Amino acid sequence: MADLPPQNEQSSAAEEEGTRRDFLILAAGAMGALGAVGVVWPLVQTMNPSADVLALASTEVDLSGISEGQAISVMWRGKPVFIRHRTPGEIDEARAVPLDDLSDPETDEVRAKDGKWLILVGVCTHLGCIPLGNKFGDPKGDYGGWFCPCHGSHYDTSGRIRKGPAPTNLEIPEYEFLDETLVKIG
């Protein structure tokens, strides 16, 4: 008979070989996982917004230079935002409109958090044109608000659609007053 190594030597060699095999499997698995993360991470990062987009996520506007009855336009997220310092007459006119007369009924109190300041996204809800009425001398439409020259939509002094093909009122962006003269849009 052949000389067989003693039983405990044979089991020791098998344990050592099993330990090496386990280590190699574990090391290969870890390297594979690192490689997968190295491939997936850049793909996920490309879906995050860039720094210039994040910078446009909100904007602060100083309202101290806007006199009563005046309106300005600022850019936010690549869209114009109309900010109008309404006169008491414009506020009264907007609040006096019966909701039954509106195709997209919304009260003026809901649309203007602070009654004298109206903040709207200046994009017509019909096909995305920029309505006129923010600059001195612009046509303000039949209701004293804004007029879309592309297809003839007329908005009132609260930005509600009153006449024309636009389906909804001008959009109100998220905004908050930081103090009496500073508003944060977005």
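The values are calculated or read from the model by the stated rules, or taken from the named source; none is laboratory data. Note that the coordinates shown come from a computational prediction; the quantities given were computed from them, not determined experimentally. All Cβ positions, glycine included, derive from the backbone under ideal geometry; neighbour counts span all protein chains shown.
Six or more apart or on different chains, Cβ atoms under 8 Å: show the pairs whose first residue is in the range 162-186 and more than 24 Å from residue 63 (Cα to Cα) and whose second is in a strand (DSSP E or B) and among the aliphatic types (A, V, I, L, M).
Every condition considered, the pairs that remain are 167/161; 168/161.
All but one of (1) under 21 Å from residue 175 (Cα atoms); (2) modelled with pLDDT of 85 or more hold for residue 115; which doesn't?
For residue 115, the failing item is (2).
Here is a list: 136, 23. Which entry is at pLDDT below 85 and of a type in the set (Phe, Trp, Tyr)?
Result of the check over 136, 23: 136.
What is the residue count in the range 154-167 for residues that are of a type in the set (Gly, Ala, Ser) and over 25 Å from the mean Cα position of the chain (by Cα)? So that I can check it myself, show each step before the final result.
Residues of the range 154-167 of a type in the set (Gly, Ala, Ser): 158-159, 164, 166.
Checking the rest, the ones that are also over 25 Å from the mean Cα position of the chain (by Cα) come to 164.
Matching residues across the range 154-167 total 1.
I need the full set of residues from the range 118-139 which are over 21 Å from the mean Cα position of the chain (by Cα) and either surrounded by fewer than 18 Cβ atoms within 10 Å (Cβ to Cβ) or among the aliphatic types (A, V, I, L, M) (or both), in order please.
132, 135, 136, 137, 138, 139
Could you list, in sequence order, the residues of the range 148-179 that are among the hydroxyl-bearing types (Ser, Thr, Tyr) and in a strand (DSSP E or B)?
Of the range 148-179, the ones among the hydroxyl-bearing types (Ser, Thr, Tyr) are 153, 155, 157-158, 168, 175.
Within the range 148-179, 155, 175 qualify.
What are the residues in the range 21-76 that are hydrophobic (A, V, I, L, M, F, W, C), within 30 Å of residue 90 (Cα to Cα) and touching a residue at least 60 places away in the same chain (Cβ under 8 Å), if any? Spell out how you get there, then give the answer.
Initial filter on the range 21-76 (hydrophobic (A, V, I, L, M, F, W, C)): 23-28, 30-31, 33-34, 36-37, 39-41, 43-44, 47, 51, 53-57, 61, 63, 66, 71-72, 74-76.
If we keep only those that are within 30 Å of residue 90 (Cα to Cα) too, we end up with 61, 63, 66, 71-72, 74-76.
Of everything in the range 21-76, those that are hydrophobic (A, V, I, L, M, F, W, C), within 30 Å of residue 90 (Cα to Cα) and touching a residue at least 60 places away in the same chain (Cβ under 8 Å) turn out to be 61, 63, 71, 72, 74, 76.
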